[in-house]
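The values are calculated or read from the model by the stated rules, or taken from the named source; none is laboratory data. Since we're looking at a predicted model, the values are computed, not measured. Reconstructed Cβ throughout: ideal geometry from the backbone, glycine too, with neighbour counts over all protein chains shown. For accessibility, only protein heavy atoms count, side chains too; no ligands or nucleic acids. Shrake-Rupley method; radii C 1.70, N 1.55, O 1.52, S 1.80 Å.
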Amino acid sequence: MKERKTISLSSVYSNLKMKAEGVKSKHKSENSIQFSYTGKPKLDLGDLDDSYDNKGYVNGNKVTVKASILLKKLRENNPDYKFTGSGNHTYTVSGLVDKSADYSKLVNHVDSEKKKEDSKIVYSTSITKLGDLQKVYVGRDTYSDGNKYEAILVYTNSDSDSDEKALYCKLDGLTFKNGKLQGADNYRITSDGDVDDMLQLK
């Protein structure tokens, strides 16, 4: 019988990467932790991510991978190898969308759309005009594949004939790169916006 190769926990840690994705909303966590192993042989981490998800992380938080948990996952999912060692390993959360996120590209996008429409945007059966930008919110886009976001920009309503005090410009399918929210799959104006579970940037 062929003896199983022994892999030390320290060598696993040296090739174990952690990535945080999402935002930290006001009322609930909308972020996740993902682990990947970049070493050889290729190891299956099983559902290691599940042990660290839904904790409500913010940038700067510490995430400690416990040796007992990691060893259990490795042994369950890699029966051809023996795993030895002890000690925990700590990572620092970074890369989440937080209050410092730059949303200027979103505002520029809306401004360019306003110019195309000569500052008039068709909403429902009336013509309404976007006034001054009041607030900006961002959250996870739960209807998109991958790590996408949605934003709601709140404007005053400049149409004196309308009863609506504010207009909500919704942008879906956004990405977050180098500290900036950018891109939009959809763009629409509505008279109401549900921002309860979103992070306010402005």
Residue by residue through the range 36-43, the couplings from Karplus 6.51 cos²θ - 1.76 cosθ + 1.60 with θ = phi - 60°, in Hz, x for Gly and Pro, are 9, 10, 9, x, 10, x, 5, 10
Contact order relative to length for the chain, counting C-alpha pairs under 8 Å separated by 6 or more residues, stands in percent at 20
Rounded to the nearest 10 Å², the 1.4 Å probe accessible area of residue 176 is 50
Of every hundred units of 1.4 Å-probe accessible area on the chain, the number belonging to carbon and sulfur atoms, as a percent, is 43
Computed, not fitted: 222 nm per-residue ellipticity of the chain from DSSP H runs ≥ 4 (each -39500 (n - 2.57)), nearest 500, equal to -4500 deg cm²/dmol
Sorted by chain and number, the residues with a modelled amide H under 5 Å from that of residue 135, at a separation of 5 or more or across chains, are 154
To the nearest 10 degrees, the tilt of helix 67-77 (Cα long axis) against the first principal axis of the alpha carbons of the chain is 80
So the angle from the long Cα axis of helix 104-116 to the longest Cα principal axis of the chain, reported in degrees to the nearest 10, equals 30
The extension gain from residue 166 to residue 53, computed as 0.36 nm times the residue separation minus the Cα-Cα distance, is 37.1 nm
Here, residue 36 and residue 192, labelled 7 Å along Cα→Cβ, have an inter-label distance in nm of 4.1
Two pseudo-spin positions, 7 Å from Cα along C-beta at residue 82 and at residue 175, lie apart in nanometres by 4.6
Rounded to whole Å², per residue accessible area for the chain with a 1.4 Å probe reads 58
